1. Residue by residue through the stretch 146-199, note down the ones that are over 19 Å from the mean Cα position of the chain (by Cα) and among the basic types (Lys, Arg).
2. Here is a list: ASP127, ASP58, ASP123. Which entry is closer than 21 Å to GLY40 by Cα and either touching a residue at least 60 places away in the same chain (Cβ under 8 Å) or of a type outside the set (Gly, Ala, Ser) (or both)?
3. Looking at the stretch 150-178 only, could you name the residues that are assigned to a helix (DSSP H, G or I) and closer than 22 Å to ALA205 by Cα?
4. Conditions: (1) closer than 19 Å to THR114 by Cα; (2) in contact with a helix residue (DSSP H, G or I) (Cβ under 9 Å, 6 or more places away or on another chain); (3) at pLDDT 95 or above. GLU185 meets all but one. Number of the miss?
5. For the stretch 200-229: of the residues being surrounded by 12 or more Cβ atoms within 10 Å (Cβ to Cβ) and more than 25 Å from SER172 (Cβ to Cβ), which is nearest to the chain's Cα centre (by Cα)?
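The values are calculated or read from the model by the stated rules, or taken from the named source; none is laboratory data. Remember, predicted model here, so these are calculated numbers, not experimental data. Heads up, the Cβs are rebuilt from the backbone with ideal geometry, glycines too, and the neighbour counts pull from every protein chain shown.
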Amino acid sequence: MKTILTLIITALCLTFVSIKATAQSGKGDTLSGIVESVDGDQITVNHRRESKTFTIHDKTNIAYVSFLEADEEIKAGFFVRAGVDGKGRCNQLWVTLPIPEQNLKPSAEMLAMTPEELFQMADSNGDDELSYVEYATAIYRSPKHGPVGFNKSDRDKSGSLNQKEFATKLESIKWYRVSRKTPTEWHAEFDADSDGALSKEEFIAFLGSTAHIDAFLKRADKDKSGGISVEELAGFIVTMIDEE
């Protein structure tokens, strides 16, 4: 009887593992990075330093972000964000012209600039509009999040950002937002009970999100006191800016 019961339990466990593995293999993914090659409907992208291939089809929704006068095509060297299903088929694709690959860190001068000054700095051709390439070269660079956010901010669907659209977009960029006030001012604004330390709830209010909150708390709360002092918040803000 024990042998039969053991066999049944083993079979159930194997079935569960098989079902779980099948489910995981069928999960979709978001691939983003530089296009390595295009072979018909097969596109290979360098995603997190690995070559990943996906397939586009006649129902793939392709957004050519800020191509303006450029031909709408997909070529090696372009950047993409691809929503890929468990079978490797891409249903939503964002494509951008080539942008620098290295990380973009705002300079000390940029942290003190007004929206108008940042716009003029980024507008390399002086046409009073920011293309995606100009925006990604000077202001914010992310193959995964950049194209989607840029398209949403392009309210008039011109393919570029005017000064009003750009100023609105800046408010969602971390390095810009945190640089508008000093750490002391941020701390005073969110220290609701005025006890000199930001609690977890107050820290979440400062961040405006619960995403990765435990990791952020660990990084910010250096002395592991359970509260974040002005000095600790200042250090954390520096890491936020460095991550951009």
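1. ARG155, LYS157, LYS164, ARG180, LYS181
2. ASP58
3. Matches in the stretch 150-178: THR168, LYS169, LEU170, LYS174, TRP175, TYR176, ARG177, VAL178.
4. All conditions pass for GLU185, except number (2).
5. Applying the filter and picking the extreme gives ASP221.
Let's see how each residue does on (1) of a type in the set (S, T, N, Q); (2) at negative phi; (3) surrounded by 14 or more Cβ atoms within 10 Å (Cβ to Cβ); (4) not assigned by TED's automatic domain parsing to the domain that holds ASP154:
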| position | (1), (2), (3), (4) |
| --- | --- |
| GLY40 | no, no, no, yes |
| ASN46 | yes, yes, yes, yes |
| LYS59 | no, yes, no, yes |
| ASP71 | no, yes, no, yes |
| ALA76 | no, yes, no, yes |
| VAL84 | no, yes, yes, yes |
| ASN91 | yes, yes, yes, yes |
| GLU101 | no, yes, no, yes |
